[in-house]
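The values are calculated or read from the model by the stated rules, or taken from the named source; none is laboratory data. Keep in mind it's a predicted model, so treat the numbers as computed, not measured. In this analysis, Cβ positions are derived from the backbone assuming ideal geometry, glycine residues included, and neighbour counts consider all displayed protein chains.
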Amino acid sequence: MDFTEALAGHLAAIEARDLAAYLDTVRDGAALIMPNGRLLQGRAAIADFHREWFGDPDWSWRLAPAHTAIAGDTAVAVFTVDYADRDQRGEPYTTRYLLSLTFARDAGGWLLLHDQNTPLP
């Protein structure tokens, strides 16, 4: 599988809110940096977060590709994200951020190594 296919599968698993398919795209030892700077390390912590997020029916996002690069066994894809959800009171809100996904290739294919979410002003 090439990087483009791996990235498409990763994003499709998120869109489908399919935790098992999503985790199939995540490397052991991966890290996730949330927009508030919180760092999640390892598949278990990332799985716990995504289990809760995927269970929330209210969110939606629109991604626009901003940058892609492949260098040997590492690839990066950056997207501008328009995100919509509801807060804990049920009030709608929107936010924009940059989503940076770094994948590493090994014998098993391309797997997510680092996911960083950076708020835009």
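Looking at the stretch 43-60, I want the residues that are under 18 Å from Y83 (Cβ atoms) and loosely packed, with under 12 Cβ neighbours inside 10 Å and have a partner that is of a type in the set (V, I, T) and modelled with pLDDT of 95 or more with Cβ atoms under 7 Å, at least 6 apart or on another chain. Which pairs are those? Correct list of pairs: empty, since none qualify.
Out of T74, T94, T68, which single residue is at pLDDT 95 or above, closer than 15 Å to P119 by Cα and either of a type outside the set (G, A, S) or crowded, with 16+ Cβ neighbours inside 10 Å (or both)? It would help to see each step written out before you state the result.
Values: T74 fails: closer than 15 Å to P119 by Cα; T68 fails: closer than 15 Å to P119 by Cα.
None of the others qualify; the one that does is T94.
Would you check which residues across the stretch 97-113 are part of a strand (DSSP E or B) and loosely packed, with under 15 Cβ neighbours inside 10 Å and list them?
Restricting attention to the stretch 97-113, the residues satisfying the condition of being part of a strand (DSSP E or B) are 97-106, 109-113.
If the condition is that a residue be part of a strand (DSSP E or B) and loosely packed, with under 15 Cβ neighbours inside 10 Å, then D106 is the only one that fits.
For the residues R62, R17, the requirement of being charged (D, E, K, R), part of a strand (DSSP E or B) and under 30 Å from R89 (Cβ atoms) singles out R62. Consider the stretch 37-58 and keep the residues that are over 9 Å from R17 (Cα atoms) and basic (K, R). The one that is farthest from the chain's Cα centre (by Cα) is R38.
Those residues that are more than 12 Å from the chain's Cα centre (by Cα), of a type in the set (G, A, S) and closer than 18 Å to G109 by Cβ, I need them from the stretch 1-36; list them, please. The answer is A6, A20, A21, G29.
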